[in-house]
Amino acid sequence: MKWFSDIVENKKSILAGTKRILTGFLFFVFCLSVYFGFSALLSQFFYEKSSAVQNQENLPVEKSSAQQKNDLLTHKSFYEASDMFFSAYVADHDPAPDLETKIHALYQYDQEFLSAVRTVHQALDMFLKKEIPAKALVYADSGVHFTQENKAYPFVVYQLVHPETPEYMYFLEDENEAFFEKLKNYLKAQNLSCSVHFENSFYYVAYKGQITHVIRLKELRERTAVFSLLNSYKSFITLILDDAGENLPLAKECMDLPYPVIFSIWPHSTHAATVAVLAHEKGLPVYLHQPMEALPRNRQAVDIGSKGLYTSMSYEKMREVLAQNILSIPYAQGVNNHMGSKFSLDENAIIKFYKAIQEIKPYFFVLDSLTAPQSKLYRIGKENGFLVAKRDFFIDNEADKNSVLHELDRAYELSKKHKRIVIIGHVRKTTVQALKEWQAYKDQDIVFSLPSTF
């Protein structure tokens, strides 16, 4: 009967195994049930909470200060043209009178010239508003330019592309004869002694040889900025020279380098206007080197001067200081921070800064000098659609010519790997000596990227 007992034992083993499998399966089902049950409860909880918040937000309650600060940048308007999105500053009023007021307050000016520019502006504004639908007329930029006698006058840029723009405006590459003739004939009929010429889809209106207005008939081209060059090139290097404006002879030497640099000029420095104008005449961009509040050193506050931006400033005061500083640098196209280890960590102050930039100089380029490793200046600007970049490293932390040459070579090698390198130096004797002796710039694969004129 051994065979019978073996069968019984085998059946018992099979039954025991089956029980274990069934028990395991039931335990697995139980775990899934618990998991989905908790998930359902959590989903219901968050849904109710979300609904409550949404309902609360729909009530006419006053926004918190934090919400108001986050809304500072919401006035930016977005347009679509030629399958491309771009941001544009839509002025709620004509910017020219404001510019005139600032010119009267801050600059030397020719009254006759300024009066003539005002007349040209009024006529041009009237013509454009008659020709272009209201929603298609955008004040894309405004600023202060200078005559050869270094006297100031307003400068306004119109952007006319919009979904409602008439079809005849969409001549993107060639001169639009219909519009051009209308514009010339209108100005001639007004007995205005100004000229109009066309170049690369831009119409330039000039009085006595000085351009006072630019009209764009195409989508707003992304400015040729630190990181927006042709991808076909292998290496991109952008070199900014800080602390310009005090040493004029050294600045002139930098202007004669065989490769281009950007001059970042201290506001209201001794030779600020001179350096800016000379650099502009050589086709070199200039930035405002804006002092920003720094963290204490050795428990002592760092003095950044009356032209600096502080985290405690109200928005109105920050805008006022920034506007005066920008206007003190002729042809300024961008800004980077001088110091600012405290300011660049303060999100509320940074939002006020960008809001002010948007109102004063809409397409200003902002470079984060990264004086604090955790700086938020670049991130917040990028998140809100501004033209921004950040530096990779300083080339002259050590005031030694050989050290600067080594850093320049390092930038060259890194650009081969990462394509775009942003470096910052200073207008110092040893730095300028190194810049003159540096030889790697001769490599044909290097592109020195600079912002465009507009």
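Can you name the residue in region 384-397 that is within 10 Å of the chain's Cα centre (by Cα) and touching a residue at least 60 places away in the same chain (Cβ under 8 Å) and is also surrounded by the fewest Cβ atoms within 10 Å (Cβ to Cβ) among such residues? Give the steps one after another, and end with the answer.
Quick first cut of region 384-397, residues within 10 Å of the chain's Cα centre (by Cα) only: 384-389.
This time we only want the ones that are touching a residue at least 60 places away in the same chain (Cβ under 8 Å), so: 384-385, 387, 389.
Working: Asn384: 18, Gly385: 15, Leu387: 23, Ala389: 24.
In this case the residue turns out to be Gly385.
Sort out which residues of region 284-320 are touching a residue at least 40 places away in the same chain (Cβ under 8 Å) and part of a loop (DSSP other than H, G, I, E, B), and write them in order of number.
Within region 284-320, Leu284, Pro285, Glu293, Ala294, Leu295, Lys307 meet the criteria.
Collect the residues in region 259-269 that are modelled with pLDDT of 90 or more and either open to solvent by less than 30 Å² (accessible area, probe 1.4 Å) or not hydrophobic (A, V, I, L, M, F, W, C) (or both), keeping them in residue-number order. Walk me through how you get there before you give the answer.
First pass over region 259-269, keeping only residues modelled with pLDDT of 90 or more: 261-267, 269.
Of everything in region 259-269, those that are modelled with pLDDT of 90 or more and either open to solvent by less than 30 Å² (accessible area, probe 1.4 Å) or not hydrophobic (A, V, I, L, M, F, W, C) (or both) turn out to be Val261, Ile262, Phe263, Ser264, Ile265, Pro267, Ser269.
Any residue in region 297-317 that is in contact with a helix residue (DSSP H, G or I) (Cβ under 6 Å, 6 or more places away or on another chain) and under 30 Å from Leu257 (Cα atoms)?
Checked region 297-317: no residue is in contact with a helix residue (DSSP H, G or I) (Cβ under 6 Å, 6 or more places away or on another chain) and under 30 Å from Leu257 (Cα atoms).
Taking the stated definitions as given, is Gly381 in a strand (DSSP E or B), open to solvent by less than 50 Å² (accessible area, probe 1.4 Å) and not aliphatic (A, V, I, L, M)?
Taking the combined requirement at face value, the residue does not satisfy it.
Answer yes if at least one residue in region 398-418 is surrounded by fewer than 19 Cβ atoms within 10 Å (Cβ to Cβ), in a loop (DSSP other than H, G, I, E, B), among the small types (Gly, Ala, Ser) and touching a strand residue (DSSP E or B) at 6+ places or on another chain (Cβ under 7 Å), and no otherwise.
Looking through region 398-418, none of the residues is surrounded by fewer than 19 Cβ atoms within 10 Å (Cβ to Cβ), in a loop (DSSP other than H, G, I, E, B), among the small types (Gly, Ala, Ser) and touching a strand residue (DSSP E or B) at 6+ places or on another chain (Cβ under 7 Å).
Within region 141-160, count every residue that is over 21 Å from the mean Cα position of the chain (by Cα), at pLDDT below 65 and either buried (at least 18 other Cβ atoms within 10 Å of the Cβ) or among the hydrophobic types (A, V, I, L, M, F, W, C) (or both).
1
Being open to solvent by less than 10 Å² (accessible area, probe 1.4 Å) and either under 16 Å from Met318 (Cβ atoms) or in a loop (DSSP other than H, G, I, E, B) (or both) is the filter here, so list the residues in region 363-378 that pass it.
Passing the criteria: Phe364, Val366, Ser369, Ala372, Leu377.
Look through Ala225, Ala276 and report the one residue that is in a helix (DSSP H, G or I), surrounded by 15 or more Cβ atoms within 10 Å (Cβ to Cβ) and at pLDDT below 90.
Ala276
Select, from Val138, Val120, the only residue that is modelled with pLDDT of 85 or more and crowded, with 18+ Cβ neighbours inside 10 Å.
Answer to the check: Val120.
Could you check region 185-201 and list, in sequence order, the residues that are surrounded by fewer than 17 Cβ atoms within 10 Å (Cβ to Cβ) and either without any contact (Cβ under 8 Å) to a residue 60 or more places away in the chain or small (Gly, Ala, Ser) (or both)?
Once the filter is applied, which keeps residues that are surrounded by fewer than 17 Cβ atoms within 10 Å (Cβ to Cβ) and either without any contact (Cβ under 8 Å) to a residue 60 or more places away in the chain or small (Gly, Ala, Ser) (or both), region 185-201 yields Asn185, Lys188, Ala189, Asn191, Ser193, Ser195, His197, Glu199, Asn200.
Determine whether Gln324 is open to solvent by 10 Å² or more (accessible area, probe 1.4 Å), in a helix (DSSP H, G or I) and closer than 19 Å to Pro267 by Cβ. Before you say what the answer is, go through the steps one by one.
Details: open to solvent by 10 Å² or more (accessible area, probe 1.4 Å): yes; in a helix (DSSP H, G or I): yes; closer than 19 Å to Pro267 by Cβ: yes.
The answer is yes for Gln324.
Do you know which residues across region 334-362 are open to solvent by less than 20 Å² (accessible area, probe 1.4 Å), more than 25 Å from Asn397 (Cα to Cα) and touching a residue at least 60 places away in the same chain (Cβ under 8 Å)?
Those that are open to solvent by less than 20 Å² (accessible area, probe 1.4 Å), more than 25 Å from Asn397 (Cα to Cα) and touching a residue at least 60 places away in the same chain (Cβ under 8 Å): Ile351, Tyr354, Gln358, Pro362.
Which condition from (1) open to solvent by less than 40 Å² (accessible area, probe 1.4 Å); (2) under 24 Å from Ser375 (Cα atoms) is the one that Tyr331 breaks?
With (1) open to solvent by less than 40 Å² (accessible area, probe 1.4 Å); (2) under 24 Å from Ser375 (Cα atoms) applied to Tyr331, the lone miss is (2).
Report, by residue number, each residue of region 287-321 that is open to solvent by less than 20 Å² (accessible area, probe 1.4 Å) and over 19 Å from Leu370 (Cα atoms). Give the steps one after another, and end with the answer.
Filtering region 287-321 down to residues open to solvent by less than 20 Å² (accessible area, probe 1.4 Å) leaves 287-292, 294, 304, 308-309, 318, 321.
If the condition is that a residue be open to solvent by less than 20 Å² (accessible area, probe 1.4 Å) and over 19 Å from Leu370 (Cα atoms), then Met318, Val321 are the ones that fit.
The values are calculated or read from the model by the stated rules, or taken from the named source; none is laboratory data. The shown structure was predicted, so the numbers you read here are calculated from the model rather than taken from an experiment. Cβ coordinates were reconstructed from backbone atoms using ideal geometry, including for glycine residues, and neighbour counts include every protein chain displayed. Only protein heavy atoms, including side chains, enter the accessible area calculation; ligands, DNA and RNA are left aside. Shrake-Rupley method; radii C 1.70, N 1.55, O 1.52, S 1.80 Å.
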